[in-house]
Amino acid sequence: MSGYNVTDPNLPINNNNPCKDIHECLDSESVCGPNSHCYNYNGSFSCFCWGGYNVSDGNKAISKGNPCTDIDECLLSPSVCGPNANCTNEMGSYNCSCLDGFTVTNSSLSISINNTCRDVNECVEISDICGPNSICNNTVGSYNCWCMSGYNVTDT
Ligand SMILES: [Ca+2]
Ligand SMILES: [Ca+2]
């Protein structure tokens, strides 16, 4: 039967020389190609892509000629990191980072559409950012400093 090999091909097939399951996964790389795992079972086998990888041509079985390749999450789903963030594709994964002037809302969780990058309120969160006798004005992604009325900036 397909998926089975006779134990000793030089002898007739019988109870003492039975058909044995072919362990296709012993050479997983040549069977399923890279970035995949191979699952052997009696009479056949299956290939699965690792997480973060997808088969090149979804209409065909995973193989060395139709291997699992990295999913470009940034291209596939541009909003994966949410607004005010950079998305960097990585092999088997991706990375989100906040743009300058922004920080992740909940720092104990990773940046995502559900935990977006918010504006840093520099005037509140960074003490004395504008120095003494000044007025600080927070803006989205940045901030401005002004001298209080009656004061001039030290070095223009
Ligand atoms: Ca990726
Ligand atoms: Ca700001």
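The values are calculated or read from the model by the stated rules, or taken from the named source; none is laboratory data. Only a predicted model underlies this, so the values are computations on that prediction, with no experimental measurement involved. Backbone-built Cβ (ideal geometry, glycine too); neighbour counts: all protein chains shown.
What to note about this one:
- Failed condition for residue 155, given (1) assigned by TED's automatic domain parsing to the domain that holds residue 35; (2) surrounded by fewer than 13 Cβ atoms within 10 Å (Cβ to Cβ); (3) at pLDDT below 95: (1)
- Residue under evaluation residue 58, criteria (1) farther than 25 Å from residue 88 by Cα; (2) loosely packed, with under 14 Cβ neighbours inside 10 Å, criterion not met: (1)
- Check on residue 82, more than 30 Å from residue 113 (Cα to Cα), buried (at least 19 other Cβ atoms within 10 Å of the Cβ) and in contact (Cβ under 8 Å) with a residue 12 or more places away in the chain: no
- So residue 46, is it part of a loop (DSSP other than H, G, I, E, B) and either away from ligand 1 (no atom under 16 Å from the Cβ) or over 23 Å from the mean Cα position of the chain (by Cα) (or both): no
- So residue 103, is it more than 15 Å from ligand 2 (Cβ to nearest atom) and either among the acidic types (Asp, Glu) or over 23 Å from residue 53 (Cα atoms) (or both): no
- Some residue of the stretch 92-111 being closer than 30 Å to residue 20 by Cα and either of a type in the set (Ser, Thr, Tyr) or touching a Pro at 6+ places or on another chain (Cβ under 7 Å) (or both): no
- Candidate set from the stretch 129-148 (those that are more than 16 Å from ligand 2 (Cβ to nearest atom), touching a strand residue (DSSP E or B) at 6+ places or on another chain (Cβ under 9 Å) and in a loop (DSSP other than H, G, I, E, B)); member that is nearest to residue 77 (Cα to Cα): 131
- The C-beta contact set for the stretch 102-127 (first residue within 21 Å of residue 77 (Cα to Cα), second residue of a type in the set (Phe, Trp, Tyr), distance under 9 angstrom, 6+ apart or interchain) comprises 116/102; 117/102; 118/102.
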